[in-house]
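The values are calculated or read from the model by the stated rules, or taken from the named source; none is laboratory data. Please read all numbers here as calculations on a predicted model, not as lab measurements. Please note: Cβ atoms are built from the backbone with ideal geometry, for glycine as well, and neighbour counts cover all protein chains shown. Calculation scope for accessible area: heavy atoms of the full protein, side chains included, ligands and nucleic acids excluded. Shrake-Rupley method; radii C 1.70, N 1.55, O 1.52, S 1.80 Å.
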Amino acid sequence: MKPPPFAYRAPESLGEALSMLAEHGDDAKVLAGGQSLVPLLNLRLARPALLVDLARVPGLAGVDQRAGGLALGAMARERTLERSELVRRLAPLLSAALPFIGHPAIRSRGTLGGSLAHADPAAEIPAVAAALDAEMVVVSAGRGERTVAAKDFFSGYLSTALEPDEILTEVRIPPFPSGMGVSFMEVARRHGDFAMVGVAAAVRLEAGYIAEARLALTGVADAPVRAVDAERSLLGAAPDAASFAGAAQAVAQRLAPRSDLHGSAEYRREVAGTLVRRALAAASGRAAAHNLQGDLEEGAIP
Amino acid sequence: MSGAGDTISADEIITIELTVNGTPRLGHVEARKTLADFLREDLALTGTHLGCEHGVCGACTVLVDGEPARSCLMLAVQARGCEVRTIEGLAPEGTLGPLQQAMWENHSFQCGFCTPGFLMQITALLAENPAPSEAEVREALTGNLCRCTGYQSIVRGVMAASGAAPGGG
Ligand SMILES: Cc1cc2nc3c(=O)[nH]c(=O)nc-3n(C[C@H](O)[C@H](O)[C@H](O)COP(=O)(O)OP(=O)(O)OC[C@H]3O[C@@H](n4cnc5c(N)ncnc54)[C@H](O)[C@@H]3O)c2cc1C
Ligand code: FES
Ligand code: FES
């Protein structure tokens with residue numbers, strides 16, 4: 001099918017874009033990479049009166065190091081982030097998750113901000129944002145700038161803290177502790193499909209025990225799930241099969257996933273537990289390798 | 001583009017300039033016209049095929065500033081100022097480029113509906129990675145559906161092309 005008629009503007013400054021949204025409110029929609037919005041237009045599931053294309057607003061696509069962490073422009077393309085050495089170094093969990101998004105031709109147009117603003121319950125980036133405690137910088141003409149923590153950003157099925165007159169401009173990722181091992185795993189019907197279940201895990205070891213753990217899931221609820229209880233239960237534990245199985249059970253018990261065409265709730269819960277176990281093991285293995293590497297570099301091991 | 005405070009109208013005609021297969025082109029389009037429809041209807045470049053029109057099949061894949069993109073998920077107005085490459089730009093009319101030749105020799109395609117999308121996606125792959133492994137080829141082609149071949153002959157064609165012509169067709 002073809003999109004219904006709409007007006008189109010491609011403002012060349014953020015101020016101009018914001019005043020268009022302020023003026024047209026609910027009738028307007030921001031256009032980023034179009035990889036979620038244009039299918040909705042083609043299927044006529046969305047009928048905005050005005051599209052405000054952010055492609056020509058300068059300064060929204062940066063990939064920068066700031067205060068030891070990352071400042072990523074909302075319009076940074078998924079493919080650009082996937083190729084970025086800086087992202088691999090400062091947010092390896094994001095690098096690990098990006099190849100799971102659709103296909104190369106989708107990632108070459110789709111943006112970081114678009115994925116977060118769209119907030120598909122099975123999308124990868126929102127789970128990574130939750131695991132990394134990312135902060136969303138959001139701007140409007142009337143109320144200026146505010147910062148929203150990932151845990152407050154996702155408010156439900158395809159919905160976020162963004163108001164219709166607001167633009168997500170930047171995503172800040174705090175400094176990532178060195179020595180963290182990461183893993184992103186997912187099960188999907190076909191390669192490139194949205195996840196039935198996806199797990200983002202990060203682990204840091206000290207003296208052979210778990211000193212820090214991060215765990216977030218996608219595809220198992222209306223919004224990404226940060227498994228704080230399971231994270232806490234892992235602190236001080238040995239990175240072994242029993243600890244991972246315990247965490248997996250804790251996560252699976254608390255989930256109430258949807259049943260749909262692709263899988264029942266029971267199946268999703270089972271897969272979530274299995275993936276949590278495997279992702280924690282993989283992340284711990286990498287953390288141990290980092291520590292060994294660190295010791296070698298410091299000359300602690302001759 | 002006009003600023004805030006203007007009246008918006010859904011049926012205004014927007015003028016765009018872009019480069020298609022190396023040639024500067026001018027278009028007058030409704031905002032809702034996809035790049036795929038612009039190429040096919042306004043520029044008569046019907047080599048770009050439309051299967052699903054929601055990003056799943058890959059038949060409409062073209063290169064935009066060198067990167068593969070779904071032309072069914074891009075509005076023509078978004079391509080303003082861009083360099084677009086389509087299947088018609090791979091080799092002069094009536095001839096085959098090295099990638100096309102390799103695919104031809106390996107009987108890579110049957111009905112041909114998916115062919116333009118595959119060739120553009122493969123062109124992008126080989127430009128970035130001139131000697132991909134078979135796993136990398138399969139990974140790069142996950143977003144292109146073929147209902148005839150079972151993919152084996154396509155992968156074989158790409159492997160042959162990458163050996164024969166680093167950099168791609
Ligand atoms: C075939 C196919 C497979 C896909 N598979 C996956 C997958 O496996 N995993 C996955 O996560 N995604 C997948 N996607 C979606 C893809 O990742 C999208 O690119 C992404 O979800 C949206 O990003 P976008 O830049 O294209 O946003 P758009 O489509 O342009 O916008 C999406 C929504 O966000 C709003 N928006 C965008 N940017 C901003 C901003 N800066 N401020 C405020 N609002 C904004 C828009 O108004 C719109 O409502 C797939 C898409 C396709 C077509
Ligand atoms: S027609 Fe564009 S992806 Fe199917
Ligand atoms: S050759 Fe017929 S769809 Fe691919």
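Values computed for the structure shown
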read-out	value
Net length gained if the chain between A:ALA289 and A:GLU163 were fully extended (0.36 nm per residue, minus Cα distance)	41.0 nm
Solvent-accessible area per residue for region A:202-302 (1.4 angstrom probe, square angstrom)	52 Å²
Modelled FRET efficiency - R0 25 Å, B:LEU26 with A:SER13, Cβ distances, 0.05 increments	0.45
Histogram of C-alpha separations across region A:122-264, 5 Å bin width, %	2, 9, 17, 19, 18, 15, 10, 6, 3, 1, 0
Protection-proxy order for peptides B:88-97, A:110-119, B:134-143, A:280-289, each taking the mean of Cβ atoms within 10 Å per residue, highest first	A:110-119, A:280-289, B:134-143, B:88-97
Inter-label distance, nm, simple model (7 Å from Cα along the C-beta direction), B:ASP42/A:ARG88	3.9 nm
Cα gyration tensor category, rounded, prolate or oblate, for region B:13-90 with a/c compared to 1.5	oblate
Fully extended contour minus Cα-Cα distance, from A:GLU266 to A:GLN253, at 0.36 nm per residue	3.6 nm
Dmax and Rg, reported as Rg then Dmax, of the protein assembly as shown (C-alpha, Å)	23.3, 73
Residue-averaged [θ]222 nm for chain B, counting only DSSP H segments that reach four residues, each worth -39500 (n - 2.57)	-7500 deg cm²/dmol
Kirkwood-based Rg to Rh ratio, chain B, C-alpha trace	1.02
Amide hydrogen neighbours beyond the local backbone of B:ARG25, cut-off 5 Å, H modeled	B:LEU18, B:THR19, B:VAL20
A:SER155 long-range amide H proximity, modeled H, under 5 Å	A:THR160, A:ALA161
Estimated inter-spin distance, A:ALA188 and B:GLU136, nm [label 7 Å along Cα→Cβ]	2.1 nm
Restricting region A:66-156 to trypsin sites (Lys or Arg not before Pro) in coil, as DSSP defines it, with at most 13 other Cβ within 10 Å	A:ARG143
Computed FRET value (nearest 0.05) for A:LYS2 with B:GLU83, which takes r as the C-beta separation and R₀ as 22 Å	0.30
Theoretical gain in end-to-end length, B:TYR151 to B:HIS54 [0.36 nm per residue, Cα-Cα removed]	32.7 nm
